1. With N denoting the number of residues in the range 38-109, provide Rg(C-alpha) divided by 2.2 N^0.38 Å, to two decimal places.
2. Report the relative contact order of the chain, percent, no decimals, based on alpha-carbon pairs under 8 angstrom and at least 6 residues apart.
3. If you average 1/r over all unlike Cα pairs in the range 1-45 and invert the result, what Kirkwood radius do you get in angstrom?
4. At 222 nm, what helix-only mean residue ellipticity would the chain give, in deg cm²/dmol to the nearest 500, using -39500 (n - 2.57) for each DSSP H run of four or more?
5. For the chain, with a Gaussian network of springs between Cα atoms less than 10 Å apart, report the residue from 80, 97, 37 with the top mean-square fluctuation.
6. Restrict the search to the range 1-90; then list the chymotrypsin sites (Phe, Trp or Tyr not before Pro) that DSSP places in a loop and that have at most 16 other Cβ atoms within 10 Å of their Cβ.
7. Ignoring ligands and nucleic acids, what accessible area does residue 25 show with a 1.4 Å probe (Å², nearest 10)?
8. Please compute the Kirkwood hydrodynamic radius over the range 1-91, one decimal place, Å, based on all pairs of different Cα atoms.
Amino acid sequence: GWEPARKASDDQWLAPYLAILMQDDYPAVRFIAERSLSYLEGYDDISYDPEMREDKRKRSVREITRRWNKNRVTLHRPELFLNPGGSLQQQKIDQLLRTRDHSAISLDE
């Protein structure tokens, strides 16, 4: 959500990645993704809470993805796994997600 970083990276590509992170198993990741989404224009009215039931989160994520697909700008950013028409290279993204370590982490506070 840091404005200089958003400007430097041209945040028009960010919404579908935040939607992916809003489905993460780890609530802190979902919280940060939700907060980051709030900085993007056109998504502020989507109902989402990182602690809501998974089925409700999925509905919100589908709406984010639908809006992004409807309004996306044609960007050819292969480094962001975007095709020439701006669509996601979902196979590559899924491949990266499969390599994640899903070990549980417990932090004493």
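The values are calculated or read from the model by the stated rules, or taken from the named source; none is laboratory data. Only a predicted model underlies this, so the values are computations on that prediction, with no experimental measurement involved. Glycine gets a Cβ as well: all are built from the backbone with ideal geometry, and neighbour counts include every protein chain shown. Only protein heavy atoms, including side chains, enter the accessible area calculation; ligands, DNA and RNA are left aside. Shrake-Rupley method; radii C 1.70, N 1.55, O 1.52, S 1.80 Å.
1. Numbers: Rg = 15.5 Å, N = 72, 2.2 N^0.38 = 11.2 Å.
Working it through for the range 38-109, the quotient is 1.39.
2. Numbers: 93 pairs, mean separation 20.7, N = 109.
Computed over the chain, the figure is 19 percent.
3. Details: mean 1/r = 0.0932 Å⁻¹.
One decimal place: 10.7 Å for the Kirkwood radius.
4. On the way: 5 runs with 52 residues, N = 109.
Calculated from helices alone, the mean residue ellipticity at 222 nm is -14000 deg cm²/dmol.
5. So, out of 80, 97, 37, the one fluctuating most is 97.
6. Details: sites: 2, 13, 17, 31, 39, 43, 48, 68, 81; in loops: 2, 39, 43, 48, 81.
Hits after loop and neighbour filter: 2, 39.
7. Counting only protein heavy atoms, residue 25 exposes about 120 Å² to solvent.
8. On the way: mean 1/r = 0.0741 Å⁻¹.
Here the Kirkwood hydrodynamic radius works out to 13.5 Å.
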